[in-house]
1. Those residues that are surrounded by fewer than 18 Cβ atoms within 10 Å (Cβ to Cβ), outside any helix (DSSP H, G or I) and either touching a residue at least 24 places away in the same chain (Cβ under 8 Å) or on the phi > 0 side of the Ramachandran plot (or both), I need them from segment 95-119; list them, please.
2. Quick check: anything in segment 34-42 at pLDDT below 95, loosely packed, with under 15 Cβ neighbours inside 10 Å and within 14 Å of the ligand (Cβ to nearest atom)?
3. For segment 95-117, check the following and say yes or no: at least one residue is more than 12 Å from the ligand (Cβ to nearest atom), over 19 Å from G5 (Cβ atoms) and not polar (S, T, N, Q).
4. Could you please let me know if E58 is within 16 Å of the ligand (Cβ to nearest atom) and touching a residue at least 40 places away in the same chain (Cβ under 8 Å)?
5. Count, please, the residues in segment 53-93 that happen to be at pLDDT below 95, open to solvent by less than 50 Å² (accessible area, probe 1.4 Å) and on the phi < 0 side of the Ramachandran plot.
6. Anything in segment 20-52 that is on the phi > 0 side of the Ramachandran plot and part of a loop (DSSP other than H, G, I, E, B)? List them, or say none.
7. Does Y166 satisfy the condition of being more than 26 Å from R56 (Cβ to Cβ), part of a loop (DSSP other than H, G, I, E, B) and open to solvent by 60 Å² or more (accessible area, probe 1.4 Å)?
8. Quick check on T175: is it open to solvent by less than 60 Å² (accessible area, probe 1.4 Å) and within 15 Å of the ligand (Cβ to nearest atom)?
Amino acid sequence: MNKIGVFGGTFNPIHRGHELTAVNFYEKLKLSKLIIIPANSPPHKIVQDNISAACRLEMCRIAFEKYKNYNIEISDIEVKKEGFSYSFDTLKILRKIYPETQNQIYFLIGSDMFLYLEHWHKYQELLEMCTFTVAFRNHDDASEVSEDLKMRDSLTGRGYKIEMLYNTPFEISSTEIRKKIKSGDLSYENYVSPEVLGYIKERKIYVLQ
Ligand code: ATP
């Protein structure tokens, strides 16, 4: 049976934490396909540094190009759409494109976003359309794990399908990377793939203007 994974985000920029978590997700769940979906306009945050959706999409493309043995698609579904990028709308479109998957769509989400899920647009309807798979973001953060498990139990108790990825966290965020670049801290280079690093340098994005 087709098992499709979905990974949405702002990806401003896409970093190794995203990449490793996505690959882990693919392997652990034995996905038949993974769709990476950069948001055009995320409802819950401002896209910092005015980095266009097309540019974030391109960074995703070059980051995942090397995974030739994986069936990974970088989708422009949200980039093409005007207005806010709601996961509920995206999932509805994906279920139409892949009618055979129906209840086999897995939606990858980091712990920070998972704990905020009840604020998402039509989150209950969204939860009915897929299985959320939760990735840890912080090492040794017992409270993160316990909060996640509490949230999982509360949602599964209401009949929704939630799985934990039980990944080894790779602690980095796009915010930290943008800050490092602006402050001239070259350690940011360890947190993005060489392909994305080349793109950032060539375009001179995220630097203080
Ligand atoms: P920002 O710092 O700009 O808020 P971010 O690093 O959180 O960005 P997003 O593009 O907003 O990145 O994240 C997309 C998805 O990836 C979210 O579900 C988020 O929780 C998850 N995610 C981001 N970074 C990691 C990481 N290091 N490990 C696991 N999941 C992550």
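The values are calculated or read from the model by the stated rules, or taken from the named source; none is laboratory data. All values reported here derive from a predicted model rather than from experimental measurement. Don't worry about glycine lacking a Cβ; one is built from the backbone with ideal geometry, like all the others, and counts go over all protein chains shown. Only protein heavy atoms, including side chains, enter the accessible area calculation; ligands, DNA and RNA are left aside. Shrake-Rupley method; radii C 1.70, N 1.55, O 1.52, S 1.80 Å.
1. Y98, E100, L115, Y116
2. Taking every residue of segment 34-42 in turn, none turns out to be at pLDDT below 95, loosely packed, with under 15 Cβ neighbours inside 10 Å and within 14 Å of the ligand (Cβ to nearest atom).
3. No: segment 95-117 contains no residue that is more than 12 Å from the ligand (Cβ to nearest atom), over 19 Å from G5 (Cβ atoms) and not polar (S, T, N, Q).
4. yes
5. 1
6. Residues of segment 20-52 that are on the phi > 0 side of the Ramachandran plot, as a first pass: 30, 49-50.
Residue satisfying the conditions is K30 alone.
7. For Y166, the condition - more than 26 Å from R56 (Cβ to Cβ), part of a loop (DSSP other than H, G, I, E, B) and open to solvent by 60 Å² or more (accessible area, probe 1.4 Å) - is met.
8. It is false that T175 is open to solvent by less than 60 Å² (accessible area, probe 1.4 Å) and within 15 Å of the ligand (Cβ to nearest atom).
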